[in-house]
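Okay, so here's the structure we're looking at.
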Amino acid sequence: MAKQRKPMPNLGSVEAPESARQEMVRVETPRKISKHQVVFDYLHGSIQSGAYKPGDRLPSEAELGTMFGASRITVAKAVLELQRMNLVSRRPGAGTHVQARRQVDGHTFGLLIPELGLTEIFEPICHGMTRSPFARPDALIWGNASGSGGSGARGEAAEGAENMAHHFIAQKVSGVFFAPLELIPDKDAANRRVMRMLDRAKIPVVLLDRCYLPYPERSAHDLVEIDNRRTGYIATEHLIQLGVTRLVFLGEEHSASTVDARVTGFLEALRRHGIHPETEPVWRGSAQDQEFVSRMLNVARPQGVVCANDVTAARLMQSLLAMGRRIPEEVRIVGIDDVKYASLLAVPLTTMHQNCAAIGVIAMATMLERLAHPELPTRDILLPTRLVVRRSCGAHLKT
């Protein structure tokens, strides 16, 4: 005989607008609370309190939608988050059931990724965590603090990151993977606020891709990233070996400390090969700003540009082509990241490939080791990169 359903409370109306793409969870009061959060909190609280016991079937998505006045997409997202936490299982034709306690003894971790959906490297990093042999039976709560991913998403990311930190603290997660904010003027202050919240809650943190403190400061948290200084060096040396002697490094303002490390590698390669630029070789600004790009070309007269990342390289390429400059005949370009579209640009991009999935696997192993041995010293774990040669660097041209 089917188990009797638990009574459903009358929650009244929920004022916050619901969005299928919204990942950010706001938990403070008296702010409006999203319907997704209301559904999740009800189900999660009912499971934790024992109102729904192991083996109990939850109300269907249609029933929950009627109960909360929410769309089926909103309800499904809340249930999916519970499934990622290994609190429920979903079986076609049988519905959603509460997992037995023995199946949920693993850790639950929060993913605080403000640029998830904005920067391509983080999705494969997260998937690397979920596929990690170290992760099971651990669960991951995905948090995208950037909002909807629109043009103002980065501007909203600071508030979103703090909201997600509140959410993870309320959920009493075992640890948080945090990719610090960048490319906004108040990034350092915002990152410090987030970290103070997590530190006060005594939640272990593993930093992804970058430290949240500007160099030479160093936090007391483990960091998993690529070897950015070596990466900048290799990208620069590749152009030098192709005969390029007038080089610049291009990055955006308010970039993360990883870009500073890449600049260090760039300058080291110049010195090692006896190249002494007549003008400032490091430029900070928007590669989409043709006036800025034109000024860089007129002042530095670069034969080659090492870009802070592939996004900058793609934007620079677009600006140069719009200005009538030929790539690589007039300007050679090298990027860093090897994102999916790098080979599909108007001129296929030479770039430094980073193994994002491996970063995710190592980050998970680092977190579990930190939980098991909290006395370990703080660690920087640097993964290697490799050069991928395509047409933008001009390696195919006769010298």
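The values are calculated or read from the model by the stated rules, or taken from the named source; none is laboratory data. Just so it is clear, the structure is predicted and the values come from calculations on it, not from any experiment. As a convention, Cβ positions derive from the backbone with ideal geometry for all residues, glycine included, and neighbour counts pool all protein chains shown. These accessible areas exclude ligands, DNA and RNA; they are computed on the full protein's heavy atoms, side chains included. Shrake-Rupley method; radii C 1.70, N 1.55, O 1.52, S 1.80 Å.
So what are the ³J(HN,Hα) numbers for region 49-64, from phi and the Karplus equation (6.51, -1.76, 1.60; θ = phi - 60°), rounded to whole Hz, Gly and Pro as x?
7, x, 4, 9, 9, x, x, 5, 8, 7, x, 5, 4, 5, 5, 5
The chain: longest stretch without exposed GluC sites (Glu not before Pro) (DSSP loop, at most 14 other Cβ within 10 Å), sites themselves excluded?
Of all site-free stretches, the longest is 29-216.
Might you work out the accessible area of Arg326 for me, using a 1.4 Å probe with all protein chains in place, and round it to the nearest 10 Å²?
130
Under a Cβ-only charge scheme (Lys and Arg +1, Asp and Glu -1), can you give me the dipole magnitude of region 176-263 about the Cα centre, in debye to the nearest 20?
On the way: 12 positive and 13 negative charges, 48 e Å.
Value, rounded to 20: 220 debye.
What does the helix-only formula give at 222 nm for the chain: each DSSP H stretch with n ≥ 4 adding -39500 (n - 2.57), the total divided by the residues, and the result rounded to the nearest 500 deg cm²/dmol? Working shown, then result.
Details: 11 runs with 149 residues, N = 399.
Calculated from helices alone, the mean residue ellipticity at 222 nm is -12000 deg cm²/dmol.
Among all lysine pairs in the chain that are eight or more places apart or on different chains, how many have alpha carbons less than 16 angstrom apart?
Step by step, the pairs that qualify in the chain add up to 4.
Can you give me the solvent accessible area of Tyr341 with a 1.4 Å probe, rounded to the nearest 10 Å²?
The accessible area comes out at roughly 70 Å².
Only Lys, Arg, Asp and Glu count, each charged at its Cβ (+1, +1, -1, -1), so figure out the dipole size of the chain about its Cα centre, rounded to 20 debye.
Charge dipole of the chain: 1000 debye, to the nearest 20.
Between Val39, Val88, Ala363, whose Cα lies farthest towards the positive end of the dipole of the chain when Lys and Arg beta carbons carry +1 and Asp and Glu beta carbons carry -1, centred on the Cα centre?
Of the candidates, Val88 comes out farthest on the positive side.
So who's got an amide H within less than 5 Å of the one on Val88, skipping anything under 5 residues away but keeping other chains? H placed 1.01 Å off N, in plane.
Gln83, Gln99
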